[in-house]
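Q: Got a structure for you, written out below as structure tokens; questions coming shortly.
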Amino acid sequence: MAKGRKNGLYEGVSEELSSLMRTGWADSERRGTEPAEQAPYAAARRAALSARFPGERLVIPSGNLKTRSNDDTYPFRPYTGYVHMTGDQARDGALVLEPRADGGHDAYCYQLPRDSRENDEFWIGYTAELWMGRRRTLAESEILLGLPCRDVRGAAADLAAVTGVPTRIVRGHDPALEAAVSTDEDRDDELEEALSELRLVKDAWELGEMRKAVDSTVRGFTDCVGELSRAVASSERWIEGTFFRRARLEGNAVGYGSICAAGEHATIMHWTDNDGPVRPGELLLLDAGVETHSLYTADVTRTLPISGTFTPVQRQVYDAVYEAQEAGMAAVKPGAPYRDFHEASQRHLTAQLVEWGFIEGPVDRAYALGLQRRFTMAGTGHMLGLDVHDCAQARTAEYVDGVLEPGMVLTVEPGLYFQPDDLTVPEEWRGIGVRIEDDLVVTEDGHENLSAGLPRSSSEVEAWMAEFAG
Ligand code: GLY
Ligand code: MN
Ligand code: MN
């Protein structure tokens, strides 16, 4: 008799039950698996990675399930570098690039294949297929991913068996595979840097996914405007739920915790409690993004007057942020230093804050000292893709000190935030937070605003609300 789980209601499994469970199942082989549309793009990404590390073995795990409590797990999120290099989202997988003598690599993928029905593994235990759903066979994975696939249950032994090959692994995702290889932490970090840098420029397939993410996000924002009166009767949670429904229906989920910040909550950069009231006369800052089934996310913000029109002070703040965003977007073009769009927006806001008398001029001095940061708080944008803050491990020289290239996707998101307890600004300014965030792709001759389907200027926003607000 096998041992039952703690506090399970059954003592164990009788031989008779075990053999009953193994019999009587229809053939569930899937025939007709097709290669993933993304497969050739993933192969090109692997070739670029291979060129960076001749003669070295590279191990890129997808990661394991994380227990939430007992037999409950968090939703699985594969490691971004693994997704990018394979197009796969399976747990317990790993991509291996095995070095060849000619300097290239042979790629293969470890996968956790289907559970056998010759024993009890398919039905006992909360990660078994009968509990969590069918997985792919190795043969199916090979067709889908365009990669040779092996059973991951042999991976640790395989990797430990071959010594003398310089190896790097991305740490922090699969302790068993890390234990099987002998690697150096700094060199492993270089692998992670490379994986981040290889995502800086999106390929054509990725740009298509970014468009899907943004288009769904635009629909999600329109849904939220249509539900405003219900949010007023309820709370910020109504907005969160409204956007989440769109995200789950059209994509995988939201790409990050939605920020549904009404009134003074708009001054809290990462407000995700979303449990406050939605009051007419105040602003609603909505920062949300749909993540596609392929895990690419949008990241868009609009700040809306809940009653449909901005008050004079709200409009003053809004228009300043809008102009700062215009200045920032104008600086997004190929060949421009990455820092340019940030500086263009921040300088504009600094000048505005000096003019309003909230910080001391002259503007150059205030900007050099960073005084505007009391009210602007964050940088003006970031790379976007599989991660909301994509490419975050890239070397500084390649990212913030780098130069924009066609195919890069980034946000431009200036904001002004006047804290409710800030005694340095007049009372009617306190508790106002405005951010406008769009997702731009750098093109050959400038940029395209992928989220241009949403109104941006104060008058466009008001007209939009007059048309759609429910
Ligand atoms: N939603 C996070 C950000 O805008 O960066
Ligand atoms: Mn955002
Ligand atoms: Mn952002």
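Q: Return the total of residues in the range 274-300 being away from ligand 3 (no atom under 16 Å from the Cβ) and either in a strand (DSSP E or B) or not small (Gly, Ala, Ser) (or both). Step through it out loud before you land on a result.
A: Keep residues of the range 274-300 that are away from ligand 3 (no atom under 16 Å from the Cβ), which gives 274-284, 292-295.
Next, from what is left, pick out any that are either in a strand (DSSP E or B) or not small (Gly, Ala, Ser) (or both): 274-275, 277-280, 282-284, 292-293, 295.
The number of residues fulfilling the criteria is 12.
Q: Then there's this: Restricting the range 286-338 to residues that are touching an Asp or Glu at 6+ places or on another chain (Cβ under 6 Å) and of a type in the set (S, T, N, Q), which is farthest from ligand 1 (Cβ to nearest atom)?
A: Per the stated criteria, the residue is 309.
Q: Further question: What are the residues in the range 248-270 that are more than 16 Å from ligand 3 (Cβ to nearest atom), in a helix (DSSP H, G or I) and either hydrophobic (A, V, I, L, M, F, W, C) or buried (at least 19 other Cβ atoms within 10 Å of the Cβ) (or both), if any? So that I can check it myself, show each step before the final result.
A: Applying the first criterion (more than 16 Å from ligand 3 (Cβ to nearest atom)) to the range 248-270 yields 248-253, 262-265, 267.
Still in the running and in a helix (DSSP H, G or I): 248-250, 263-265, 267.
Within the range 248-270, 249, 263, 264, 265, 267 meet the criteria.
Q: If you scan the range 367-389, which residues turn out to be assigned to a helix (DSSP H, G or I) and surrounded by fewer than 19 Cβ atoms within 10 Å (Cβ to Cβ)? Walk me through it before giving the result.
A: Step one: filter the range 367-389 for residues assigned to a helix (DSSP H, G or I), giving 367-369, 373-376.
Result: 368, 369, 373, 374.
Q: Next question. Residue 280 passes all but one of (1) in contact (Cβ under 8 Å) with a residue 24 or more places away in the chain; (2) under 30 Å from residue 403 (Cβ atoms); which number fails?
A: That leaves (2) as the condition not met.
Q: I've got another one for you. For the structure I just gave you, tell me whether residue 46 is in a helix (DSSP H, G or I) and either more than 30 Å from the chain's Cα centre (by Cα) or modelled with pLDDT of 95 or more (or both).
A: Yes, satisfied.
Q: Quick one: which of 227, 206 is closer than 30 Å to residue 307 by Cα, among the charged types (D, E, K, R), in contact with a helix residue (DSSP H, G or I) (Cβ under 9 Å, 6 or more places away or on another chain) and crowded, with 16+ Cβ neighbours inside 10 Å?
A: 227
Q: Kindly provide the set of residues from the range 66-105 that are in a loop (DSSP other than H, G, I, E, B), exposed (fewer than 12 other Cβ atoms within 10 Å of the Cβ) and of a type in the set (S, T, N, Q), ordered by number. Give the derivation first.
A: If we filter the range 66-105 for residues that are in a loop (DSSP other than H, G, I, E, B), which is where we start, we get 66, 70-71, 74-79, 87-93, 100-104.
Filter once more, so that each one left must be exposed (fewer than 12 other Cβ atoms within 10 Å of the Cβ): 66, 70, 74-75, 101-103.
Within the range 66-105, 70 is the sole residue that qualifies.
Q: How about the range 271-321: which of its residues are within 16 Å of ligand 2 (Cβ to nearest atom) and not aliphatic (A, V, I, L, M)?
A: Correct list: 271, 272, 274, 287, 289, 291, 296, 297, 299, 301, 302, 303.
Q: Yes or no: residue 413 within 16 Å of ligand 3 (Cβ to nearest atom), under 22 Å from residue 299 (Cα atoms) and of a type outside the set (A, V, I, L, M)?
A: Spelling it out, residue 413 is indeed within 16 Å of ligand 3 (Cβ to nearest atom), under 22 Å from residue 299 (Cα atoms) and of a type outside the set (A, V, I, L, M).
Q: With the checklist (1) surrounded by fewer than 24 Cβ atoms within 10 Å (Cβ to Cβ); (2) without any contact (Cβ under 8 Å) to a residue 60 or more places away in the chain in hand, flag the one item residue 201 doesn't pass.
A: (2)
Q: Given the condition more than 16 Å from ligand 2 (Cβ to nearest atom), closer than 19 Å to residue 419 by Cα and hydrophobic (A, V, I, L, M, F, W, C), answer yes or no: does some residue in the range 365-378 qualify?
A: Taking every residue of the range 365-378 in turn, at least one turns out to be more than 16 Å from ligand 2 (Cβ to nearest atom), closer than 19 Å to residue 419 by Cα and hydrophobic (A, V, I, L, M, F, W, C).
Q: Suppose we filter the range 435-448 for residues that are touching a residue at least 12 places away in the same chain (Cβ under 8 Å) and away from ligand 1 (no atom under 16 Å from the Cβ); how many remain?
A: Selection size over the range 435-448: 7.
Q: Among 392, 344, which is modelled with pLDDT of 95 or more, within 22 Å of the chain's Cα centre (by Cα) and either crowded, with 20+ Cβ neighbours inside 10 Å or within 28 Å of residue 251 (Cα to Cα) (or both)? So that I can check it myself, show each step before the final result.
A: On the way: 344 fails: within 22 Å of the chain's Cα centre (by Cα).
Just a single option satisfies the conditions, and that option is 392.
Q: Then there is this: Contact list please: Cβ distance under 8 Å, first residue in the range 402-424 and under 29 Å from residue 264 (Cβ atoms) and part of a loop (DSSP other than H, G, I, E, B), second residue away from ligand 3 (no atom under 16 Å from the Cβ) and among the hydroxyl-bearing types (Ser, Thr, Tyr), pairs at least six apart or on different chains.
A: Qualifying pairs under 8 Å: 418/267; 419/267; 420/267.
The values are calculated or read from the model by the stated rules, or taken from the named source; none is laboratory data. None of the values given here were measured: they were computed from a predicted structure. Please note: Cβ atoms are built from the backbone with ideal geometry, for glycine as well, and neighbour counts cover all protein chains shown.
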